[in-house]
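Okay, so here's the structure we're looking at.
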Amino acid sequence: SSKKFYCLEMFPYPSGKIHMGHVRNYTIGDVLARYKYLNGFNVLHPMGWDAFGLPAENASKLNNLHPKEWTNKNIKVMKDQLKLLGLSIDWDLEISTCDKEYYKHQQELFIEFYNQGLVSRKETYVNWDPVEKTVLANEQVINGKGWRSNAVVERKKLSQWFFNITKFSEELLNDLENLNGWPEKVKLMQKNWIGKSFGCEINFKLENRSEFINVFTTRPDTIFGASFLALSVDHPLSMNFKRQTEFKNFKEKCNKTGTTEEALANAEKLGFNTNIFAEHPFIKNKKIPVFFANFVLMDYGSGAIFGCPAHDQRDFDFAKKYNLNIRTVVRPFDKEDNFTVSDEAYPGPGVLINSDFLNGLNAPSDSVKETIKILEDRSLGKKKVNYRLKDWGVSRQRYWGCPIPIMYDEKGTAHPIPKSMLPVKLPENIDLKVKGNPLDSNADWKEISVDGKIYKRETDTLDTFVCSSWYYLRFCSPKENNYGFRKEDIDYWMPVDQYIGGVEHAILHLLYSRFFMRALNYQNTNFKIKEPFKSLFTQGMVCHETYKDKNNNWLSPDEVEKVEGKFVKKINTNENVIVGPSESMSKSKKNV
Ligand code: ANZ
């Protein structure tokens, strides 16, 4: 039929049993699929399993069951449950991402992206758990400590694989406009995540030195309030200090703060005075001290800022701590020209003061544009757009994931594994008890011989978000052997007409999927899809009261009993239970 309808619900992670969130999600899809079917549409309504991931590894350690067995056991239980629900799912299309018939094609795609320059290897900071000897995701760092070990998490530099998603920042942002079937709030969240900001770069000349410091700012109009420059500890200028013990200690101290923007924003402001001065671009003979500071990120803008304490709270805190000048350059509309900032920064709008030829301009609406124009005219800076979006780090130091199809020669140079040797299969025989990545300790598996030459395999596996970034294509041709999908099939079925799932995936999963389509589309005129999901519906969360015992352990609803409708006791005991708020159902909180 030419009337087609592709109805897709986010596939589940096989964690054990179906929960009410799944039931809600899949019921909505079921109703819609049936409705379209009865209206004469050719309906695609598949289901599968997002089957790789850390919980399988953790559960295996506890139960002495191989992750594969644990996963397959759960899949069987959950599939039976879904069948009992009588959902109109075409089980002939079932896929599982931990199946080599699936991840083989994912490895092919990785190599394709690699060959097109869409994959790169970069050194970045990660959250490092020194006890578990593993990298933690931001969500796994709780109050600066590892969720499992409770050890203080450190910043550590590691070489990791990245998908160059920032290559498409502008497209990913602009094309949101065409997604008429998406909730506004999801589009807004994506927009904020991509985080386009308009501003400019300013070059500060260093006193008695040949170097310039290039800063990125969205508020060049506050330049007359500049009282210091702050650089990331990884800024190139730090090379001049790398042998100084004091600087080394400072850097180490900075590395004790996590890597999230939030962690950096809340951490105590730390500075290292370089005793170098910069010249103010407009104020003759004004010397601006240059610091290294822990709140400046190397991977945003140029890794350097000018601090304007009067109008930025972080800069204000820093200036107070290090006794730096605070010069007010914006007054609120309802204040006089002698307004001065005292207890906290004033980041709001107003009129420029104490700013020489900029005085009287409306800030920031007119003043930013005007200042950029002047800076450009005098070759002191230039207009610049920045994105908050970062490249997608896909390396995970874990066993239960899709192996990255890369090998290294004796010089350490990376090469893609030849296509004829795919899939790179996960070894079944593995010791999960070792600290760190089990694949890394598996000497037999690590070594590979290609054309008589010995290479070492990459032991990182792919972030499981990679598996879910293209599974909707696989559903169109789930049995195809030669490639991840057949062109005729996706040309017919794609895009997904209605996608249904939880709003918790509003950013990453949906953005990564949108990236994948652009990556496949890149340098390939044959691949015509850009947006994977025509319409999106984010169902609400299913919630339930939460319970804890006196030792702060979560209790499930079947472990508590109501006595006379009020006092909640632990079942068969006299122990009181602490009743918490109703929260979205989650296995970790046991409120399922
Ligand atoms: C001077 C200034 C004065 C700033 C003022 C703000 C207020 P967005 O892009 O919206 O996040 N910044 C730039 N690079 C940074 C980095 N690598 N790490 C930490 N902070 C950085 O805002 C950009 C602003 O964030 C820039 O504008 C800069 O501080 C800071 F009253 O420059 B501003």
Could you look through segment 211-244, keep only residues that are of a type in the set (Lys, Arg) and more than 28 Å from CYS200 (Cα to Cα), and pick out the one that is nearest to the ligand (Cβ to nearest atom)?
LYS242
Quick check on segment 433-447. Is at least one of its residues of a type in the set (Gly, Ala, Ser), without any contact (Cβ under 8 Å) to a residue 24 or more places away in the chain and assigned to a loop (DSSP other than H, G, I, E, B)?
no
With respect to LEU237, is the statement that it is out of contact with any helix residue (DSSP H, G or I) (no Cβ under 8 Å at 6 or more places or on another chain) and crowded, with 18+ Cβ neighbours inside 10 Å true?
yes
Would you mind finding the one in PHE318, PHE282, PHE333 that is in contact (Cβ under 8 Å) with a residue 12 or more places away in the chain, within 30 Å of LYS248 (Cβ to Cβ) and not aliphatic (A, V, I, L, M)?
PHE318
For segment 95-131, give me each residue that is in contact with a helix residue (DSSP H, G or I) (Cβ under 8 Å, 6 or more places away or on another chain), of a type in the set (S, T, N, Q) and surrounded by 15 or more Cβ atoms within 10 Å (Cβ to Cβ).
SER96, THR97, GLN106, ASN127
Identify all residues within segment 132-154 that are touching a residue at least 60 places away in the same chain (Cβ under 8 Å), over 15 Å from ASN255 (Cβ atoms) and either in contact with a His (Cβ under 9 Å, 6 or more places away or on another chain) or surrounded by fewer than 16 Cβ atoms within 10 Å (Cβ to Cβ) (or both); write none if there are none.
LYS133, ASN138
Residues that are surrounded by 16 or more Cβ atoms within 10 Å (Cβ to Cβ), more than 25 Å from LYS122 (Cα to Cα) and within 16 Å of the ligand (Cβ to nearest atom): does segment 424-438 have at least one?
no
Report yes if ALA304 is within 14 Å of the ligand (Cβ to nearest atom), out of contact with any His (no Cβ under 9 Å at 6 or more places or on another chain) and not hydroxyl-bearing (Ser, Thr, Tyr), otherwise no.
no
Just give me the residues in segment 245-301 being acidic (Asp, Glu), part of a helix (DSSP H, G or I) and either under 23 Å from GLU376 (Cα atoms) or within 14 Å of the ligand (Cβ to nearest atom) (or both), in sequence order.
GLU261, GLU262
Looking at segment 336-350, which of the residues that are touching a residue at least 12 places away in the same chain (Cβ under 8 Å) and acidic (Asp, Glu) is farthest from the ligand (Cβ to nearest atom)?
ASP337
Unmet criterion (only one of (1) within 15 Å of the ligand (Cβ to nearest atom); (2) of a type in the set (D, E, K, R); (3) touching a strand residue (DSSP E or B) at 6+ places or on another chain (Cβ under 7 Å)) for ARG388:
(3)
Set LYS157, LYS205, LYS191: member being more than 16 Å from the ligand (Cβ to nearest atom) and either over 27 Å from CYS254 (Cα atoms) or touching a residue at least 60 places away in the same chain (Cβ under 8 Å) (or both)
LYS205
Please verify whether PHE52 is farther than 21 Å from ASP489 by Cβ and in a loop (DSSP other than H, G, I, E, B), treating the condition exactly as stated.
yes
Yes or no: SER159 at pLDDT below 95, exposed (fewer than 14 other Cβ atoms within 10 Å of the Cβ) and in a loop (DSSP other than H, G, I, E, B)?
no
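The values are calculated or read from the model by the stated rules, or taken from the named source; none is laboratory data. Computed from a predicted model, the values in this text were never measured in an experiment. Counting neighbours? That spans all protein chains shown, and the Cβs are built from the backbone with ideal geometry, glycine included.
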